[in-house]
Amino acid sequence: MRKTYYALFATILAMGIGLGIMYLEFWRDTGIKLPEDVTMESVSGENYSFQDMEPKVRLVEFFYAKCPDVCPLTTQRMMHLKKQFEEDGIFHDEVEFISITIDPENDTKQDLTDYMRRHGIKQNEGWIFLRGSLEDTEKVAEPFRFLFNDNGTDFITHTSFSYLLNEDNQLVEKFPMGEGFNKEEISNRIIGMID
């Protein structure tokens, strides 16, 4: 009889832990959105206010220009998505990409422009590269729990996720950066949101 109670207790405990993990992984992200009281600067020098954005599906990437691995690989894969969405006629009008530097003290507008050029990205065509103060960058990253730390070297340690937002700028899903950035999965998810 005791074994039955222990087995029942262990099962209930395991279910509780599983539900807790599901909550932390999925439900706690609902309602997360870009802070509306932040204005950043685009590489063309224009102010970009999160409060004044037109309703679009957005893919948000946090990166820095000197990143040696996941950032450029993610940007490259986003470029492939951009080309596909342009062919589908949805890029810029219905889908927008936002890349925000997490190293605003070192990533100048020229550094960001050079980064864009290396990846074949042109200004003002539905993919916006932004920089702001470190305080504003942290304020934008914090709701998404995107963590980054300059450890005093040329490399910044950071969370490796990109974020899909709906037309209300609310987080819908997060995707791994780098090798885990699955273009087909993200494409299907975005197209499903605008159909």
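The values are calculated or read from the model by the stated rules, or taken from the named source; none is laboratory data. Model, not experiment: these values are computed from the prediction. Ideal geometry is used to build each Cβ from the backbone, glycine not excepted, and the neighbour counts take in all protein chains shown.
Key figures for this structure:
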quantity: Residues located in region 162-191, provided they are among the aromatic types (Phe, Trp, Tyr) and within 14 Å of THR75 (Cβ to Cβ); calculated: PHE175, PHE181
quantity: Scan of region 51-66 for residues that are touching a helix residue (DSSP H, G or I) at 6+ places or on another chain (Cβ under 9 Å) and over 17 Å from VAL95 (Cβ atoms), ordered by number; calculated: PHE62, PHE63, TYR64, ALA65, LYS66
quantity: THR74 vs. criteria part of a helix (DSSP H, G or I), within 16 Å of PHE146 (Cβ to Cβ) and not acidic (Asp, Glu); calculated: yes
quantity: Flag if VAL57 is β-branched (Val, Ile, Thr), more than 17 Å from LYS174 (Cβ to Cβ) and either surrounded by fewer than 13 Cβ atoms within 10 Å (Cβ to Cβ) or in the same structural domain as GLU138 (by TED's automatic domain parsing) (or both); calculated: no
quantity: Total residues in region 114-126, condition surrounded by fewer than 20 Cβ atoms within 10 Å (Cβ to Cβ), touching a strand residue (DSSP E or B) at 6+ places or on another chain (Cβ under 8 Å) and under 14 Å from LYS66 (Cα atoms); calculated: 1
quantity: Strands (runs of 3 or more DSSP E) fully within region 91-192 counting 2 or more residues that are without any contact (Cβ under 8 Å) to a residue 60 or more places away in the chain and either within 22 Å of VAL57 (Cβ to Cβ) or out of contact with any Cys (no Cβ under 8 Å at 6 or more places or on another chain) (or both); calculated: 95-101, 148-150, 171-176
quantity: Residue within region 58-71 that is of a type in the set (Ser, Thr, Tyr), more than 21 Å from ARG145 (Cβ to Cβ) and not in a strand (DSSP E or B) present; calculated: no
quantity: Single residue of region 93-108 satisfying the filter (farther than 19 Å from ARG189 by Cβ and touching a strand residue (DSSP E or B) at 6+ places or on another chain (Cβ under 7 Å)) that is surrounded by the most Cβ atoms within 10 Å (Cβ to Cβ); calculated: THR101
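Condition check ((1) closer than 23 Å to PRO35 by Cα; (2) crowded, with 16+ Cβ neighbours inside 10 Å) across all residues:
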residue: GLU87; (1), (2): no, no
residue: PHE91; (1), (2): no, yes
residue: ILE128; (1), (2): yes, yes
residue: ARG131; (1), (2): yes, yes
residue: PHE144; (1), (2): yes, yes
residue: ASN169; (1), (2): yes, yes
